[in-house]
Structure formats: C-alpha cells, structure tokens
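First the structure, in the form of structure tokens, and then the observations on it.
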Amino acid sequence: MKHLIAPSLLAADFGNLQAECEMINNSDADWFHLDIMDGMFVPNISFGMPVIKAINKHTLKPLDVHLMIENPDRYIKDFKEAGANILTVHYEACPHLHRTLQAIKAEGMKTGVALNPHTSIDLLEPILEDIDLVCIMSVNPGFGGQSFIEGTYRKVAKLKELITKYNLDTKIEIDGGVTSENAKMLLEAGADVLVAGSFVFKSKNPTQTIKELKEIIL
C-alpha cells in the first residue's frame, strides 16, 4: 500500500479555513487530520463540533479525527454526526479501551488508538485486532511545531512486528514533527500514514510539500 498523507489542520490559517480545505482537496493528500483538545488531557484547547461540521462541508476526503480529550466516550456519537470517518482516542484517556473501541465501531467509524511517547506498544497487543489505526505520538501532545522524538523509529518497528505477527491490516500513523528529513526513515520502519502540520502549512508551497511527502520512494 502506498503511504498516506494527512495534513493537520491545527497548523492551518483559521482565517481562511475554506481555502485551506480546498487546497488539501486539490492536493495529493489522502486525509484531513483534526486534533481535538480539551485543555484537560492536554494543556491546550483547539476546536469543537461547530468547526468540525464547517470543515466537513468543504472536504472531499476522509476526516481523521484525533481526540486528545478526557472521557471521549461521551462524544462518540457527536463526532460521527460531525463527519468523522476515523476516530482516534488516547490509550491514556480510556480505562475501558475495548468498550470504547466497540462504541466507535457501532457508529460505523474506523477505530484509532493514540499512544503518548512514554506509553509502550506492548499494552496494545491484547486488543490490536480491534484497532484499525495506531497513532504513535512522535512529540508530546498538545502543541504543534515541536521537535521530533528520535525513539519513535524503534516504536514503529516494534509495532510493525506485532501487526505482521498477527497478520493484521492495522495502519501505523505518525503524528508530530514529521518533515522531509525523517519521513523516509519512518516509512522504512513501518509507518503507513504521515501527519504533517507546520511542515505543510508553514511551507512556501503547501501543495508541493504534500506532493513531495507523498512521492517518497522506499
């Protein structure tokens, strides 16, 4: 499978959000990545349902919604109604993770689980077959523009081994500090989806930057 690119709208120009969405629609990007923060699970607040619904009106590609919030179970139906196609919750925020994943599936969305940098891959092994996407945080969640954590490569490789061991289709997504300098090494380690925020939206030509990330050859 050719790897996927998911620009993170957290780094977009919110004064020209429709134009930014249209840029992604017309680019080689595969998904829209939306980071939802509540100011409690992470020390920042991003956007909520009204903004997601507004974005959804202008998107022609799947919405990859990443919940950095406490008690995400409360809002699963709401995110489905807002337009989410993939709903990712944090392992650290879900004491009953299997039940949460079943609730996401019941709403017809793909299931995602995100892991903070300190959280071990091994914790997912018992329920890996219930997860469509594992989002490995390569920075500490909560803010854009952070430096990439080098230990991410080992984590990706270990997860890829588990996915292969059980013959699963689970995708590996990398979120945080992705650039043209580390993208190839991440893909070689086993990543399937690259989330890029500042690297795309702060570049001189975001469409070209997305194209270059998409065209990386292993």
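The values are calculated or read from the model by the stated rules, or taken from the named source; none is laboratory data. Computed from a prediction, not measured in an experiment: that's the story for all the values here. Cβ atoms come from the backbone with ideal geometry, glycine included; neighbour counts cover every protein chain shown.
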- Among (1) surrounded by fewer than 23 Cβ atoms within 10 Å (Cβ to Cβ); (2) at pLDDT 95 or above - the single one VAL195 does not satisfy: (1)
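Return yes or no: is LYS214 over 17 Å from the mean Cα position of the chain (by Cα) and either within 19 Å of LEU67 (Cα to Cα) or in contact (Cβ under 8 Å) with a residue 24 or more places away in the chain (or both)? Outline the logic, then answer.
Numbers: over 17 Å from the mean Cα position of the chain (by Cα): no; either within 19 Å of LEU67 (Cα to Cα) or in contact (Cβ under 8 Å) with a residue 24 or more places away in the chain (or both): yes.
So LYS214 fails the test.
Here is a yes/no grid of residues against (1) surrounded by 20 or more Cβ atoms within 10 Å (Cβ to Cβ); (2) within 18 Å of the chain's Cα centre (by Cα); (3) not polar (S, T, N, Q):
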position	(1), (2), (3)
LYS2	no, yes, yes
ILE24	yes, yes, yes
PHE32	yes, yes, yes
ASP38	no, yes, yes
PRO43	no, no, yes
VAL51	no, yes, yes
LEU67	yes, yes, yes
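Given the condition of a type in the set (Gly, Ala, Ser), in contact with a Lys or Arg (Cβ under 9 Å, 6 or more places away or on another chain) and under 16 Å from LEU9 (Cβ atoms), answer yes or no: does some residue in segment 93-110 qualify? Outline the logic, then answer.
Within segment 93-110, the first condition is being of a type in the set (Gly, Ala, Ser), and the residues that meet it are 93, 103, 106, 108.
Among the residues that remain, those that are also in contact with a Lys or Arg (Cβ under 9 Å, 6 or more places away or on another chain) are: 103, 108.
Okay, now just the ones that are also under 16 Å from LEU9 (Cβ atoms), so none.
No - not one qualifying residue is present in segment 93-110.
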- Message: Test of understanding: among LEU168, LEU186, which residue is within 20 Å of THR88 (Cβ to Cβ) and surrounded by fewer than 16 Cβ atoms within 10 Å (Cβ to Cβ)?
- Response: LEU168
- Residue check for GLY142: touching a residue at least 40 places away in the same chain (Cβ under 8 Å), out of contact with any His (no Cβ under 8 Å at 6 or more places or on another chain), surrounded by fewer than 22 Cβ atoms within 10 Å (Cβ to Cβ) and over 19 Å from THR111 (Cβ atoms): yes
- Message: If the requirement is being under 22 Å from GLY48 (Cα atoms) and either loosely packed, with under 14 Cβ neighbours inside 10 Å or of a type in the set (A, V, I, L, M) (or both), which of these qualifies: VAL113, VAL156, VAL134?
- Response: VAL113
- Query: Mind checking which pairs have a first residue in segment 83-101 that is under 20 Å from HIS33 (Cα atoms) and a second that is charged (D, E, K, R) and in a helix (DSSP H, G or I), Cβ under 7 Å, 6 or more apart or different chains?
  - Reply: GLY83/LYS53; LEU101/ASP130
